[in-house]
Amino acid sequence: MTVIRIDIDAEVLARVLTLSKAKTESEAVHLALVSYINHAGRREGADRSRCHFERARTWGAVEHAARRHELEKRNR
């Protein structure tokens, strides 16, 4: 664990303490950082998926999948 001295807005910290039910200010800061990492990771994953989707579209894979899906629906 790293010890660091930071200035945090007292109102923001109080709000995090209330929302997170953290017992200490250090725990509240830790939870806020973990929450940020999780949020950024989901956004990064969505960006990566969008990139793959766009590449698949250039290969014609998206249109092929749509046609196949329609055929499967008709044959039910």
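One table, with the values for the structure above:
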read-out: Listed peptides 29-36, 68-75 by packing density, highest first (mean Cβ within 10 Å); value: 29-36, 68-75
read-out: Förster radius 35 Å - calculated FRET efficiency between residue 63 and residue 40 (Cβ-Cβ, nearest 0.05); value: 0.60
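Only the coordinates and a few stated rules stand behind these numbers; no lab work does. Fair warning: this is a prediction, and the values are worked out from it, not measured in the lab. Quick reminder, even Gly has a Cβ in these numbers, built from the backbone with ideal geometry, and neighbours come from all protein chains shown.
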